[in-house]
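Enquirer: Right, I'll just put the structure down here and ask away after.
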Amino acid sequence: MRYSFEKINPLDYKPRLIIWEVSCNCFKNKTGIKPFTTKESFAVLDSIAELSRPIVVLASNYEGNPPCDPLDRPDIIDIILYGNSIGLKMIVETTGNKLNKDFRNVLRTIGTKSIRILVNNKIKESIEQGFEQSEEFLALQKLLAEVKHDGFEIQLGLPINKFDEREIAYGIDFAVRKNARGIYFHLVNSDIKSKKKKDINQFDKEAVIMWIARQKRLLPDEMYFSPQCVRYGIKHIEDEDHDVKESCNNERSRIGHWCLGGKTFAFISATGKVQICSALKNECGNLRNTNFSFSKIWHNSDIFNWVRCNNFTCSQVQKTVDEPIPKRRNYTQILEHLEH
């Protein structure tokens, strides 16, 4: 038996980090789907708090055009304040365009300690100056100095929809120079096997994740650094879903990673879909169909429960969840089989 199911129980898994794209009006105009009201947003947070007290990142919709920023919501302070009041650690991820002094004062007053700034397309290489002194870069520099002066913990967010090793390395170097508490990567593109015309933005996500692991060894120990939805560790070849002979250099163990979707991590899209992550679009459930109950989806999703039964990498999760449920084997059938 390659995988063990005997001890799998949905109640044993509690979220530690949830990324939530808080929808806003520009999203409504494109889809016709209304953003969650303030009351509905509170109901989602209440349901999350039933499970545990995770970090909840109110994130930008960085695939939108234009991106939807959480600070676009007129009730964003109410949402953050409510989450803080019920014991959740609320972090707002923003481009920073609306993060003025008055707004920062309000955030500090309601107990927000961390702010995550998106730095995509603002950090570019310059042979003469190190970093290109563009208007966007100088504004970012100024904002980070002000945020740090106000006593906030600085975090940086970097969506990756193409893999340019040098460009990403410059972003990492910038984070270290600014003494950022962490830099977090959003692996946006996942369609590396498309049969359509090759997209220049396609990349091998597995290779990128392991490249990030190698960079982590070079950074300060106290700095958070990795995709938020994976865990690194030693993987034993005989436990993997392939023949030992197929492993690289026939090594019996190596550094690898595991998907944390459904184990300690989940993603909520701007439309209310609960997903494994932003890149894997398979719907584990929709908050609009569960009376805004995240806990119902967390406990009952067939996809989440299947991933919990296996230590899958990102690509293995994608391959598996794309299979029809009968082929993947229904989670309930697995438990019934074991009981007999």
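Enquirer: Tell me which residues, restricted to the stretch 50-61, are surrounded by fewer than 19 Cβ atoms within 10 Å (Cβ to Cβ) and either assigned to a strand (DSSP E or B) or out of contact with any helix residue (DSSP H, G or I) (no Cβ under 7 Å at 6 or more places or on another chain) (or both).
Expert: Within the stretch 50-61, Ser52, Arg53, Ile55 qualify.
Enquirer: Determine whether the stretch 84-101 contains at least one residue that is surrounded by 15 or more Cβ atoms within 10 Å (Cβ to Cβ) and either aromatic (Phe, Trp, Tyr) or free of Cβ contacts under 8 Å to residues at least 24 places away in the same chain (or both).
Expert: no
Enquirer: Let me ask you something else. Of the residues Ile160, Ile127, which single one is in contact with a His (Cβ under 9 Å, 6 or more places away or on another chain) and modelled with pLDDT of 80 or more?
Expert: Step by step, each of Ile160, Ile127 is checked, and only Ile160 is in contact with a His (Cβ under 9 Å, 6 or more places away or on another chain) and modelled with pLDDT of 80 or more.
Enquirer: How many of the residues in the stretch 79-95 are in a loop (DSSP other than H, G, I, E, B) and of a type in the set (Lys, Arg)?
Expert: The number of residues fulfilling the criteria is 0.
Enquirer: Looking at the stretch 157-180, I want the residues that are within 18 Å of Asp221 (Cα to Cα) and polar (S, T, N, Q) and have a partner that is at pLDDT 85 or above and not in a loop (DSSP other than H, G, I, E, B) with Cβ atoms under 9 Å, at least 6 apart or on another chain. Which pairs are those?
Expert: Sorted first by the residue in the stretch 157-180, then by its partner, the pairs are Asn179/Lys148; Asn179/Ile154.
Enquirer: If I filter the stretch 223-234 for residues that are out of contact with any strand residue (DSSP E or B) (no Cβ under 6 Å at 6 or more places or on another chain), farther than 24 Å from Ile172 by Cα and either at pLDDT 85 or above or surrounded by 11 or more Cβ atoms within 10 Å (Cβ to Cβ) (or both), do I get at least one hit?
Expert: Looking for residues that are out of contact with any strand residue (DSSP E or B) (no Cβ under 6 Å at 6 or more places or on another chain), farther than 24 Å from Ile172 by Cα and either at pLDDT 85 or above or surrounded by 11 or more Cβ atoms within 10 Å (Cβ to Cβ) (or both), one finds none in the stretch 223-234, hence no.
Enquirer: Also: Condition (residue is assigned to a helix (DSSP H, G or I) and within 24 Å of Met223 (Cα to Cα)) applied to the stretch 111-132: is it met by at least one residue?
Expert: no
Enquirer: With the structure loaded, tell me whether Lys98 is within 30 Å of Val208 (Cα to Cα), within 24 Å of the chain's Cα centre (by Cα) and either in a strand (DSSP E or B) or basic (Lys, Arg) (or both) or whether it fails that test.
Expert: In short, no.
Enquirer: Tally time: how many residues in the stretch 69-79 are in contact with a Pro (Cβ under 9 Å, 6 or more places away or on another chain) and either modelled with pLDDT of 95 or more or not charged (D, E, K, R) (or both)?
Expert: Looking only at that region, the number is 2.
Enquirer: While we're looking at this one, here's another question. Any residue that is within 17 Å of Asp12 (Cβ to Cβ), of a type in the set (Gly, Ala, Ser) and modelled with pLDDT of 85 or more - is there at least one of those in the stretch 262-270?
Expert: Yes - at least one qualifying residue is present in the stretch 262-270.
Enquirer: Further, regarding this structure: So Ile255 ticks every box in (1) in a helix (DSSP H, G or I); (2) modelled with pLDDT under 75 but one. Which box is left unticked?
Expert: (1)
Enquirer: Same structure, new question: Check Glu206, Glu167 and return the single one that is in contact with a Cys (Cβ under 7 Å, 6 or more places away or on another chain) and either at pLDDT below 80 or assigned to a helix (DSSP H, G or I) (or both).
Expert: Glu206
The values are calculated or read from the model by the stated rules, or taken from the named source; none is laboratory data. This structure is a prediction, so every number in the text was calculated from the model and none was measured. Positions of Cβ are backbone-derived with ideal geometry, glycine not excepted, and every protein chain shown enters the neighbour counts.
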